[in-house]
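What follows draws every value from the coordinates through simple rules; no lab data is involved. Treat the numbers as computed from the prediction; the structure is a model and nothing was measured. Note: ideal-geometry Cβ built from the backbone for every residue, glycine included; neighbour counts use all protein chains shown.
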Amino acid sequence: MLDAAFFRRWLTRVTAVVEREATALTELDSAIGDADHGSNMRRGFDAASAAVDSEPPDTPGGVLTAVGRQLISKVGGASGPLYGTALRRAGRALGGEPRVSAEQLRDALGAAVDGVRDLGGAAVGDKTMLDALVPAVEAYGAALERGADLAGALDAAAAAARDGAEATIGLRARKGRASYLGERSVGHQDPGATSTSLLVAALADTARE
Ligand code: ADP
Ligand code: MG
Ligand code: MG
């Protein structure tokens, strides 16, 4: 079972990873966007960490909801409202329980996908964060069905997210700023799919630590 402390450890890890990878994320965004994805992610997760540290929620749902709220209010770019909505929906799906199961996490991840779809209107193949998130959630659910434990299922999710992010290189963007480039967006990895793969990898690493 996963408690609020698990999700706080995830947040600490994500904040550090985003800090480390901010330059690389911004470089990806400079090729097909406006060169701010790394700084957007950094601003959002720094604010989320500070908010959660100053008033620690005592449930998993409370942690995710608090992170989502900060991303929405502190990040101006598309990724803030999209990730913020995803995390708030995931938090709501987990409700007020002090501990949640691997299966409840699967349902929360599904709610996160629905949140991104509802707000952004993108589908898989449009070269967005969904190209990493959807395969990750599917791989996680399939691994649980096969009898994997939490850490094993999250490893499968992390591998699928990484593959999905890499596969965006060959895609033409149909949503977000990169879509303005049309065919010229092909040949570059999507920044948001890349940051999604970092967020999912951090979940797997948290389960292993
Ligand atoms: P902005 O493009 O507003 O500067 P960011 O650079 O922080 O925001 O984030 C860009 C990322 O947001 C893209 O790489 C893409 O993955 C994601 N994104 C943009 N629009 C959408 C959308 N409609 N649906 C899903 N993801 C999107
Ligand atoms: Mg940008
Ligand atoms: Mg921007």
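Residue-by-condition table, conditions (1) in contact with a His (Cβ under 8 Å, 6 or more places away or on another chain); (2) polar (S, T, N, Q); (3) part of a loop (DSSP other than H, G, I, E, B):
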| residue | (1), (2), (3) |
| --- | --- |
| 104 | no, yes, no |
| 109 | no, no, no |
| 113 | no, no, no |
| 135 | no, no, no |
| 138 | no, no, no |
| 167 | no, no, no |
| 175 | no, no, yes |
| 184 | no, no, no |
| 192 | yes, no, no |
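Just one of (1) within 15 Å of ligand 2 (Cβ to nearest atom); (2) buried (at least 17 other Cβ atoms within 10 Å of the Cβ); (3) of a type outside the set (Asp, Glu) trips up residue 51, so point out which.
Residue 51 satisfies all of (1) within 15 Å of ligand 2 (Cβ to nearest atom); (2) buried (at least 17 other Cβ atoms within 10 Å of the Cβ); (3) of a type outside the set (Asp, Glu) except (1).
Please state which of the following conditions residue 79 fails to meet, knowing it meets all the rest: (1) within 16 Å of ligand 3 (Cβ to nearest atom); (2) polar (S, T, N, Q); (3) without any contact (Cβ under 8 Å) to a residue 40 or more places away in the chain.
Condition (3) is where residue 79 drops out.
Name the pairs: first residue in the range 22-40 and over 17 Å from residue 198 (Cα atoms), second residue away from ligand 3 (no atom under 13 Å from the Cβ), Cβ to Cβ under 7 Å, at least 6 apart or on different chains?
From residues that are over 17 Å from residue 198 (Cα atoms), the pairs are 31/188; 32/173; 32/181; 32/185; 32/188.
Checking residue 26 against (1) within 17 Å of the chain's Cα centre (by Cα); (2) away from ligand 3 (no atom under 16 Å from the Cβ); (3) of a type outside the set (A, V, I, L, M), which single condition isn't satisfied?
(2)
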